[in-house]
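Scroll down for the structure; my scribbles are underneath it.
The values are calculated or read from the model by the stated rules, or taken from the named source; none is laboratory data. Quick caveat: nothing in here was measured; it's all calculated off a predicted structure. For neighbour counting, all protein chains shown are included, and Cβ atoms are generated from backbone atoms with ideal geometry for every residue, glycine included.
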Amino acid sequence: MSGWRPPRRSPRDWQAIGTATGLGFSVVISLILCIGGGVLLDQWLGTAPWLTLVGVVLGLATAGYLLYELVSLGRPTRPGKRRDGGQGS
C-alpha cells in the first residue's frame, strides 16, 4: 500500500460541493417533472408531441432560472446596496 489519503476538505469546499449537488438535483428533477408531465398530458389528451415540447421548453427555462439564481447568490453585492432591497448605511 502506498499510504494514499484523500485530500482534506475545508468547510468552504463542502459548501461548494453541496451547492453543486443541490443544483444538479434541482435541474434534473425540474426537467423530469416538466418533460414527464408533457408526455403524460400528451398521452391523456392525444396531442403528441406538442405538450412534450412545451414540457421541454419549461424544463429548460426552469433549469436556466435555477442556474441564474445560483450565480446571483455567489455574486458579491455592491457597496451601499443590500440584498433585501433596502439601502445600506
Among residues of region 58-89, those that are modelled with pLDDT of 70 or more and over 17 Å from ILE32 (Cα atoms), counted: 9
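Which of the residues spanning region 34-49 are surrounded by 13 or more Cβ atoms within 10 Å (Cβ to Cβ) and over 17 Å from LEU67 (Cα atoms)? Write out each step before concluding.
Within region 34-49, the first condition is being surrounded by 13 or more Cβ atoms within 10 Å (Cβ to Cβ), and the residues that meet it are 34-42, 47-48.
If the condition is that a residue be surrounded by 13 or more Cβ atoms within 10 Å (Cβ to Cβ) and over 17 Å from LEU67 (Cα atoms), then ILE35, GLY36, GLY37, GLY38, VAL39, LEU40, LEU41, ASP42, THR47, ALA48 are the ones that fit.
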